[in-house]
Structure formats: structure tokens, C-alpha cells
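Here's the structure we're looking at; comments come further down.
The values are calculated or read from the model by the stated rules, or taken from the named source; none is laboratory data. No experiment lies behind these values; they were computed from the predicted model shown. Note that we place each Cβ from the backbone using ideal geometry, even for glycine, and neighbour counts take in every protein chain shown. SASA here: full protein model, heavy atoms, side chains in, ligands and nucleic acids out. Shrake-Rupley method; radii C 1.70, N 1.55, O 1.52, S 1.80 Å.
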Amino acid sequence: MKTGLMKTSYTFGLSLITLALFSCNAQKTDNSSQKQDSTMATSSDTTRKAPIVGGDQDEHGCKASAGYTWSVLRKECIRPFELENKMIDLRNKNFPATFLFSSDHKQVEIFALDFKKTIILSTEGTDTYASADKKYTMAKDAQKHWIVTKTEDGKTTTILQQE
């Protein structure tokens, strides 16, 4: 009789322990789902405030995250790194510069890290372009490569050089 009573007690005790474990687990699940609900509420609040990836259009509708920037000469969004005319930034060789000419070759637009917006240089003669303030000049060197110089405080420095 003791064996039957021990089996019943053992089975009953095991059932109580199992029941206790499942009820604790259910409480943890309820708490974690409450935490998830509050996290979801928080994250949905922050997604309204944070910019959406790919939602970085500038005033012209160009998406910088996709590599696009506004071209004043072409009057459209372009990817400067796809342009044929490339230059080396002599102050920061990790960031190449590019340029493009207007269809009539009277102006050139330069895309470089040094400029927050592109700069437009206008023709000053054969193979010479300059900014309106004469701070920047683009001309061909002895090897017939384009170079861009910057004049500041009476000192002229070459900042970009065609590859």
C-alpha cells in the first residue's frame, strides 16, 4: 500500500510542480508581451519623428541616399560618380570630384566634397573658366589635364586635378 500511496504522492507532486512552472511561464509571457506592446508604441512614436530611409529628398526631389544630387546645368538629378570627367581632390584623395560642361561649353559645373553645393564656372577664354568671385579657376595644365585652383588671401592653390 505504501508503494501505491508513494506513486500517487509522487504523481500529485509532479503535477503541482508542472502546473507551477507553466503558470510562471504564462506570467512571464504576459509581461513580455506587455513590454513588447509598450516598445511597439514607443518605436512607432519614434518612426514618426525619425526620417524614413529613402525619404531624404532635397528641394529638387533628388535622393542623396541613392547618390543623386541636383545639377544646375542639366536641371535634373544626377549621380556625379557616374560622370566621365573625374578629378582627384588633392586635399582628400578618398573623395573624388567630377565635372560636366554645359552643352555649349560656356560653363562647367564641379561636384566636390569641398563645395556644399556645386560651383559653376563660366568661360573666360579658351580652356579657362572662373567663378563669378574669381576665387575658383579651372584651366588646363602643361599636360592638357584640367586643374582647379582656389585663390584665397592672395595665395593660389591647386585643389583638384584631372585623373
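Exactly one residue out of Ser131, Ser103 is open to solvent by 20 Å² or more (accessible area, probe 1.4 Å) and not basic (Lys, Arg), and it is Ser103.
Exactly one residue among Thr98, Thr69, Thr118 is surrounded by 12 or more Cβ atoms within 10 Å (Cβ to Cβ), in contact (Cβ under 8 Å) with a residue 24 or more places away in the chain and in contact with a helix residue (DSSP H, G or I) (Cβ under 7 Å, 6 or more places away or on another chain), and that residue is Thr69.
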